[in-house]
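Read through the structure below, which is laid out as structure tokens, and then see the notes.
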Amino acid sequence: MAIYPIDPGGSGGSDIARTNGFIDYNDTSTTTTPLVLNADIWTTIPNDGQGAFTNKAYAPPNVTELMDSNGAIDATELSLGDTIIIRNDYTITPQTNNGSLQFRYGLGGGGNEYFLETRLSRMDSGSGIEYRYSLSTDLVYMGDLNTLNNPIVLQINSTAEATLVNAGSVIFVARYNA
Amino acid sequence: MADTLSAFSIPGVWTNLNTLTGIAAGTQIRIQNVGGANDVVDLAISATEPAADFEGVEVFQNAPFYQVDAGENAVWAKYKRLDRADVGGRVTKLQVQT
């Protein structure tokens, strides 16, 4: 490489901005045709990354993608010990009032699937109203190859029939070996 | 060792560092971003001026010196903002040493 940083102290990692980074994936697949959520069914949230606000300008070094075209998080370019912080942004419109929501990440594969699940706030302000879920962050660490090498799907479960519009997800990477 | 050169002003368009500094292309140089906190300098090695949307090697403020090896083509630099704000007519500062 003809242009490279000089690190006389040998400590590395002093240029933090070139170690960590993020990619923001903006979905268009649910913009005009919202995703239908059947009651009490876990439904995978899609993200085609084709939205105008997709931002790959600040990806971590040596990382080209963090999500596949179906909306599953793709950590295969990361390493064991790395951590990702995910901020999802989606809006749900229930057909009946007072539905409850659960969200989960589906991880692993090959018979070793597992889920990280959370309960979201109840949609109790009425039906036909948009409930936006955004700004909260989740943390997933690459503790084993089962997590690292398999797609991480985003899934939602509503007790009320509803529709979902996905704005997208930003995925921040914190490297273990800075 | 050559005396320290005062930092050079880098605008928001690709600027030939060899022309700017008087250091011949192909000479080993070391570069440091001594601009403001949001100032980022894009670097590129190219015989000709890179396209306006070309994305080079980003050097952030307070990053260590970057080295360009001897024997390379001309070195180009461009100022951009970390927050992607329009640079307009502003400049940032770049230390260039042989």
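Read-outs throughout are calculated quantities, based only on the coordinates presented, and are distinct from any laboratory measurement. This one's a predicted model, so the numbers in the text were calculated from it and none came from an experiment. Here Cβ is always computed from backbone atoms with ideal geometry, including for glycine, and neighbour counts include all displayed protein chains.
Take each peptide in A:164-174, A:60-70, count the other Cβ atoms within 10 Å of every residue, and average; sorted highest first, the result is A:164-174, A:60-70.
For the range A:21-174, the relative contact order is 40 percent, taking Cα pairs closer than 8 Å that sit 6 or more residues apart in sequence and dividing their mean separation by the residue count.
Give the whole-number value, in cubic angstrom per residue, of the convex hull volume spanned by the C-alpha atoms of the protein assembly as shown.
Working: hull volume 42.7 nm³, N = 276.
Value for the protein assembly as shown: 155 Å³ per residue.
The charge dipole of the range A:85-149, taken about the Cα centre with unit charges on the Cβ atoms of Lys, Arg (+1) and Asp, Glu (-1), comes to about 140 debye, rounded to the nearest 20.
Our helix-only sum for chain A, with -39,500 (n - 2.57) per DSSP H run of n ≥ 4 divided by its residues, gives a mean residue ellipticity at 222 nm of -500 deg cm²/dmol. Here the sum of -39500 (n - 2.57) over DSSP H runs of 4 or more residues, divided by the residues of chain B, equals -1000 deg cm²/dmol at 222 nm, to the nearest 500.
A Cβ-based charge dipole, computed about the Cα centre of chain B with Lys and Arg at +1 and Asp and Glu at -1, lands at about 240 debye.
Compute, for the protein assembly as shown, the length of the dipole vector about the Cα centre, with Cβ point charges of +1 (Lys, Arg) and -1 (Asp, Glu) only. Units Debye, rounded to 20. Please report the intermediate quantities before stating the final value.
Details: 15 positive and 30 negative charges, 127 e Å.
Dipole about the Cα centre, nearest 20: 620 debye.
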